[in-house]
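Undergrad: So that we are looking at the same thing, I have put the structure below in structure tokens.
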Amino acid sequence: MTMDQRSYQLQYFAMLKEWAGVDKEEMSSSATTPRELYKELRDKRNFPLSDTELRVAINGDFTDFDHNLAEGDQIAFIPPVSGG
């Protein structure tokens with residue numbers, strides 16, 4: 001990890017969990033917002049959804065994609081879920 005990178009705890013739900021093949025992982029990144037971090041993940045994991053199709057939660061609280069991230073944040077990306 002370089003000096004400008006931070007470590008984040010990522011959680012995936014529903015489709016993202018299936019596409020990633022894991023439900024959680026640790027990731028080092030220089031991203032400072034969930035939007036930047038999700039862009040890296042889309043490139044790395046080929047997620048087909050855009051950030052406008054997701055919700056994001058940081059440390060258990062829903063927030064927006066321009067929220068400033070801090071070292072060690074737990075970030076959950078949540079796609080739309082259908083129910084019946």
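Undergrad: Considering only the range 14-36, state which residues are of a type in the set (Val, Ile, Thr) and closer than 19 Å to PRO48 by Cβ.
TA: VAL22
Undergrad: What tally of residues in the range 1-22 results from selecting those that are closer than 17 Å to ASN59 by Cβ and in contact with a helix residue (DSSP H, G or I) (Cβ under 6 Å, 6 or more places away or on another chain)?
TA: Summing the residues that are closer than 17 Å to ASN59 by Cβ and in contact with a helix residue (DSSP H, G or I) (Cβ under 6 Å, 6 or more places away or on another chain) in the range 1-22 gives 1.
Residues are listed down the side, and each one gets a yes or a no for (1) β-branched (Val, Ile, Thr); (2) over 19 Å from GLN5 (Cα atoms); (3) surrounded by 10 or more Cβ atoms within 10 Å (Cβ to Cβ):
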site: ALA57; (1), (2), (3): no, yes, yes
site: ASP64; (1), (2), (3): no, yes, yes
site: ASN68; (1), (2), (3): no, no, yes
site: ILE75; (1), (2), (3): yes, no, yes
site: PRO79; (1), (2), (3): no, yes, yes
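Undergrad: Taking the range 40-76, which residues are modelled with pLDDT under 95 and of a type in the set (Phe, Trp, Tyr)?
TA: Within the range 40-76, just PHE47 meets the criteria.
Undergrad: Among the residues of the range 3-39, count how many are at pLDDT 95 or above, in a helix (DSSP H, G or I) and more than 14 Å from ALA76 (Cβ to Cβ).
TA: 3
Undergrad: Do you know which residues across the range 41-71 are part of a helix (DSSP H, G or I) and either touching a strand residue (DSSP E or B) at 6+ places or on another chain (Cβ under 6 Å) or among the aromatic types (Phe, Trp, Tyr) (or both)?
TA: None; the set is empty.
The values are calculated or read from the model by the stated rules, or taken from the named source; none is laboratory data. What you see is a predicted model, and the numbers here were worked out from it, not measured in a lab. Glycine gets a Cβ as well: all are built from the backbone with ideal geometry, and neighbour counts include every protein chain shown.
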